[in-house]
Structure formats: C-alpha cells, structure tokens
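Trainee: Here it is, the structure in full.
The values are calculated or read from the model by the stated rules, or taken from the named source; none is laboratory data. All values reported here derive from a predicted model rather than from experimental measurement. Counting neighbours? That spans all protein chains shown, and the Cβs are built from the backbone with ideal geometry, glycine included.
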Amino acid sequence: MADVILKADNLYKHYPIKGGVLRTTTGQVKAVDGVSFELQRGETLGIVGESGCGKSTLGRVLMRLEEPTSGTVNFDGVDMYSQSGSAMRKLRRDIQIVFQDPYTSLNPRKTVGDIIGEPFEIHPDVVPKGGRKKGVQELLEMVGLNPEHINRYPHQFSGGQRQRIGIARGIALRPKVLICDEPVSALDVSVQAQVINLMEKLQDELGLSYIFIAHDLSVVRHISDRVGVMYLGRMVELGTEEQIYQRPTHPYTQALLSAVPVPDPLMRGKREQIVLTGDVPSPANPPSGCRFHTRCFKAQDRCKVDDPELIDRPDGVGEHRSACLFAEPRVIVETVDVSDVEVDTRFASTDVVDLDAFAEDDGLLPADAASVAQGSQVVGETEGPLDRPADTNRLIDDEPTEQRDPRV
Ligand SMILES: Nc1ncnc2c1ncn2[C@@H]1O[C@H](COP(=O)(O)OP(=O)(O)OP(=O)(O)O)[C@@H](O)[C@H]1O
Ligand code: SF4
Ligand SMILES: [Mg+2]
C-alpha cells in the first residue's frame, strides 16, 4: 500500500455570517464543504480552482491554523485534531506553510536572519542557541541566497529572492510537509520558473511532500504529481497530472483547461473554447444537487437533484476520481509550461539586488494577473503569461506591511 503522510477525511469549514443589531448568526459560508484526499510521502499534490473556492481555507485547516467545523486530518499516522500540548507542538514542526505574497508575509523591520531564525526561537530544542546563526546561513545557501546577507532587510531583496526567504523559513525546522499557498503567483513568469525549480530541488534533498495551491493550471502542472480541482468548497476531480491534463472528465476541469494560454499561435485557433455561463454561486448558498449545475454546459435535470460523489469513473484509459454524473474524457489542446520560459539572468544572482536596475523593466505582477481561473466567467483563450503588462513600480514603491507570520 502506498505511503500516506497526510489524510484529510470529510473536512468541513463553515464560517458563521453574523447579521442584525444583535449580531446573530444568519447563515454559514461553506468555505470547505466535505473534502477528502490523501497526500503520499514525497509527492506534490496541486490544488487548483477559482478564487473563493476554499483553497486557502483548506490549507489553513490542514495545518491547524484553524479548527475545522468537522472532519479529521491524519498526519503520519496521528490524528492531528486529537493532539494537544507538547505532542501538537512537535507536530507543528512537521507541517509548515509558505505564503503567496513575499511583500507582506515578511516583517520589514526584521533582518533576514531574524525572520528565518524565528522558528528556532519558537522551537529551541531543534538547534542549540550557539548554532542558530550557522543554521540560518545554511538555509540561505540551500535556497540560493548569499549567506553573508543575513543582516539585510526584506526590502533589499527582489520578489523572487524574498520568496526564497519565505521558503528558507518554511524548511527551517525540516518539516515533512510544506503547504505552499500560491507561492509563485505574485512573481513574474521567469522568476516563477526559478522558484519552482528550487522547490523541486529542495523536495529531492529533504524528502518533502508538498501541497501546492494555485489558480494557474500551468504552474500546477509543472510541479505536481497529482492534481485536485476544487469548486465551491468541494473537490470535483482528483487524479495524476496526466489524467487531469490529458483526459479530464469533469466539465469544470475541462473549462478551466480550455482557458489556459496556448503557447503556439498556430494552435490557438484549434483550441476548443468552453465558456461557462453565470456567476460563481455564493458559498453561503450553494446550488442543490451538483453544485456546478448552474454553470455546466452539460447539465441535465438530474444534476439539480443528485449530488455526485467524488469516485473513480472511466476516463478512456483507466479511471480516476471525478464528481460528475456524466463524466467522460475530453482532450483539451496542450498548455504552456513555465519550465520552457527562458530564465531572467538578473534573478539568477545571489547578490542583493540593485533596485534602480530593476525599476526600468521589472515585470513583477499583481498577484492575480492572467489568472485563468479568476472571475465569474471562464472563457476560452486568455493572454499568455508572457504578454502580461509589467507593473514596474511595485517592486520599489510598495511598502511591505507588517504581518505576524502564523507559520510556527
Ligand atoms: N475568516 C473567514 N471568515 C468568513 N469567511 C471566510 C473566511 N476565510 C475565508 N472565507 C470565505 O471562504 C471562502 C473561501 O475562501 P478562501 O480564501 O479559502 O478561497 P481561495 O480558494 O483561497 O481563494 P483565492 O484564490 O482568492 O485565494 C470565500 O467565500 C471566503 O470569502
Ligand atoms: S453532474 Fe451534471 S451539472 Fe454536474 S458536472 Fe456533471 S454534467 Fe455538469
Ligand atoms: Mg487563497
């Protein structure tokens, strides 16, 4: 039997909606609404889906930053939610998180050494006090940064380098599982490729298992062994990278894939466009039956009543999990792969960045630029990541805001 490191069973996370003068509970936002899956040791499980479908909530519940409304998480053979005290503290070391935005997730008033070394302060038994500076310098080296820059501040680094700092902090305690919540979404595509390559290298070196949350299907494809597609708090399709990208059976996955940029201009005309109609329903009031029926191009009367289970269904070659009553494979034209993008050599250096040199043409992106999965409509072709407009000012102008990092 495969070696499962983390198993989520029927996880629910509902947030109460308060209303009226008395602030009484008037409803529930069903952010995560019955999610089950397993993560194998050493694998990368990608989680994709439109904004608001519950990806980040799932990530927080998996590492117990929030308690679930119900359901269980088994971590390496231990029921996580029945642990307390020192057992839970020890467990926390084994599951860490890396956040999306390298501009707000690092405290601007702390040096890089303090930021990366903070987990050592919180878990003092991991590295003896005298060895912490060396430990931080080793981590800087592991993520491709210059260990001599231990006393610099986050604003002295580029976006990609800051994300490396976030990753160094994430692996400081040598966790078994790293939850990565949109770790490259705020970065230019060439920098994305570098950070992803780094994550793959660290996975090999440290035997890490990743849960890689993103809305960009191209990025997820490159790094993931398996992919789960979420819609309105549920997982609607789950399979290997090949099953999801080459023979998706759920209409929602097929629509998302049909909106991924096509690299070859000659192929663009051949790309089938699946346009989803209607807005994303509110997670406070999901539709009856199959909750995708209000936007599904294949919906039939039965879909309004029957709620399809996420179970193995035929995909033309074998079978994989899909929550569609009428699941059938559909080939969608090849997508772009970030590994093909030429690396921007300005970012390859481990030196501290000369910000003036970047000001002219740095292609840093807003967090959700070119998202294939954002918005109420998923349409056919979108602009490719290389066509994205550069936000030239953000790197130097944006003041990072202070935010306590809840990872440890
Ligand atoms: N603390 C909270 N209180 C109330 N509602 C919340 C809370 N956190 C998340 N939600 C709601 O839960 C739903 C899922 O949010 P979540 O942030 O998990 O989505 P997501 O898939 O990560 O979206 P994105 O791609 O934009 O990051 C949304 O409707 C959101 O408004
Ligand atoms: S069950 Fe019906 S509405 Fe749901 S995805 Fe399948 S065809 Fe569409
Ligand atoms: Mg999120």
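Trainee: Would you point out the residue of region 55-76, among those that are β-branched (Val, Ile, Thr) and closer than 14 Å to Lys30 by Cβ, that is surrounded by the fewest Cβ atoms within 10 Å (Cβ to Cβ)?
Mentor: Step by step, filter region 55-76, then rank; the result is Thr69.
Trainee: For the list (1) assigned to a helix (DSSP H, G or I); (2) at pLDDT 95 or above; (3) β-branched (Val, Ile, Thr), I need the number of the one condition that Ile179 fails.
Mentor: Only one criterion in (1) assigned to a helix (DSSP H, G or I); (2) at pLDDT 95 or above; (3) β-branched (Val, Ile, Thr) is unmet by Ile179, namely (1).
Trainee: Read through the list (1) within 16 Å of ligand 2 (Cβ to nearest atom); (2) assigned to a loop (DSSP other than H, G, I, E, B), then give the number of the only condition that His215 fails.
Mentor: (1)
Trainee: Next question, about the same structure. Would you mention how many residues in region 36-65 are of a type in the set (Asp, Glu) and either assigned to a loop (DSSP other than H, G, I, E, B) or touching a residue at least 60 places away in the same chain (Cβ under 8 Å) (or both)?
Mentor: Filtering region 36-65 for residues of a type in the set (Asp, Glu) gives 38, 43, 50.
Subset that is either assigned to a loop (DSSP other than H, G, I, E, B) or touching a residue at least 60 places away in the same chain (Cβ under 8 Å) (or both): 43, 50.
Result for region 36-65: 2.
Trainee: Among (1) buried (at least 16 other Cβ atoms within 10 Å of the Cβ); (2) more than 16 Å from ligand 2 (Cβ to nearest atom); (3) closer than 30 Å to Leu276 by Cα, which single condition is Pro16 missing?
Mentor: (1)
Trainee: Further, regarding this structure: Which residues, counting only those in region 49-83, are under 11 Å from the mean Cα position of the chain (by Cα) and within 16 Å of ligand 2 (Cβ to nearest atom)?
Mentor: Correct list: Gly49 only.
Trainee: Would you mention how many residues in region 97-121 are assigned to a helix (DSSP H, G or I) and surrounded by 15 or more Cβ atoms within 10 Å (Cβ to Cβ)?
Mentor: Here the count works out to 9.
Trainee: Related question: Could you look through region 198-253, keep only residues that are β-branched (Val, Ile, Thr) and within 16 Å of ligand 3 (Cβ to nearest atom), and pick out the one that is surrounded by the fewest Cβ atoms within 10 Å (Cβ to Cβ)?
Mentor: Val220
Trainee: State the number of residues belonging to region 77-96 that are surrounded by fewer than 22 Cβ atoms within 10 Å (Cβ to Cβ) and farther than 28 Å from Gln28 by Cα.
Mentor: Qualifying residue count for the region: 12.
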